[in-house]
Amino acid sequence: MGDLFYTNPIMAIVVIILIIIFFALLFSMVPVRLWISARASGVRVSIAQLIGMRIRKVLPQKIVNPMIKATKAGLEVSINKLEAHLLAGGNVDRVVNALIAAQRAGIPLDFERASAIDLAGRDVLQAVQMSVNPKVIETPVISAVAKDGIELKAKARVTVRANIDRLVGGAGEETIIARVGEGIVTTVGSSNSHSDVLENPDNISQTVLNKGLDAGTAFEILSIDIADVDVGRNVGAQLQIDQAEADKKIAQAKAEERRAMAVAQEQENKAAVQGMRAKVIEAEAEVPLAMAEAFRSGKLGVMDYYNMQNVISDTQMRQTIAKGPENEKSDDQQR
């Protein structure tokens, strides 16, 4: 190199630049420190594999570091499986941590099942931890009515443990809460009195627990504990009050209908009376005309008219005498 530098300095500079570029590309494509750490940890990974990860746009750190943890924990995991899981969108580090936790807890879990759980969208590490340390799910306040019409408001705490075998395709916590709520409503509704529920709230727990509510879910129900039971409204009495109010409104509507019909009948009767009065007045108005026509035609004479008036006066006098003085006063008052 020294002779080349003296004989052809330009060529020497070009060679040095090429060497620098080569090492720059080498260190950019191959994480040497990561390769050294892997070799020192007993992980068999070649430089070609690391370069291949770079070409496939996979960060070597996300594969090598979990591989180091798995190797130190005594797990046999393939680099190719880890890389395939990462390319599929999984979380390699979480899967390896779950495998390590399951091994320490004595839970049978292999890489294929753990990766399937992770790809299904569930936190496999949290599931393993929940298998070791059960989780308590608290339900919202559930309202139920006993047969005596008294409302009870109950709140339950459900202790569940993750079921590794049913994590893929199993229902979640919402289903557990819904089923427990349904069981509480059914149990309280079948009780003859709300006092029976208040005296023995553990009957609700036993009845609901015996229904097998964890079927088809990703959990195993260990216990159901009634945390609180409060007395609510008297729904039966309220329903009776509402029914009475409805009957009252119906009766009022029928009474109003009858009153309207009576008013209409009264108006119709008044109209009929007024029509009859109009006919009487019309008939009375025709009497003088008839008498005048009789005078003109000679059918009625003056003496006949006076005789008729005398008869009418005589008839009125006799009626007055027959009534007496008290009847006369009443007739005057009526007039």
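The values are calculated or read from the model by the stated rules, or taken from the named source; none is laboratory data. Model, not experiment: these values are computed from the prediction. The accessibility values were calculated without ligands, DNA or RNA, using every heavy atom of the protein model including side chains. Shrake-Rupley method; radii C 1.70, N 1.55, O 1.52, S 1.80 Å.
Annotations
- Cross-link partners of Lys155 among aspartates and glutamates (Cα-Cα below 18 Å; sequence separation of 8 or more within a chain): Glu138, Glu173, Glu174, Glu182, Asp196, Glu199, Asp202, Asp225, Asp228, Asp230
- Per residue, in Å², the accessible surface of the chain once ligands and nucleic acids are set aside, probe 1.4 Å: 65
- Most mobile listed residue (Met291, Met130, Met53) in the chain, GNM with C-alpha springs under 10 Å: Met291
- When the helices of the chain are scored as -39500 (n - 2.57) per DSSP H run of n ≥ 4 and the total is divided over every residue, the value at 222 nm lands at -22500 deg cm²/dmol.
- On Cα atoms only, tilt of 173-189 relative to the major axis of the chain in degrees: 40
- Among Ile312, Ile100, Ile79, the residue with the largest mean-square fluctuation in a Gaussian network model of the chain, with springs joining Cα atoms closer than 10 Å, is Ile312.
- Of (1) 1.69; (2) 0.93; (3) 0.98, the label for Rg/Rh (Cα atoms, Kirkwood Rh) derived from the coordinates: (1)
- Computed from Cα positions, the angle between helix 92-105 and the longest principal axis of the chain comes to roughly 90 degrees.
- Mean-position separation - Cα centroids, region 200-265 and region 106-120, in angstrom: 47
- Sorted largest first by accessible area at a 1.4 angstrom probe radius, with every protein chain in place, the residues Lys57, Lys279, Lys249 fall in the order Lys57, Lys279, Lys249.
- Springs between Cα atoms under 10 Å define the GNM used for the chain, and in it the highest mean-square fluctuation of Gly275, Gly149, Gly172 occurs at Gly275.
- The long axis of helix 61-72 is offset from the longest Cα principal axis of the chain by roughly 70 degrees.
- Nonpolar atom fraction for the chain, defined as the carbon and sulfur part of the 1.4 Å probe accessible area, stands at 56 percent.
- The tail of the calculated P(r) for region 35-79 beyond 11 Å holds 62 percent of all Cα-Cα pairs.
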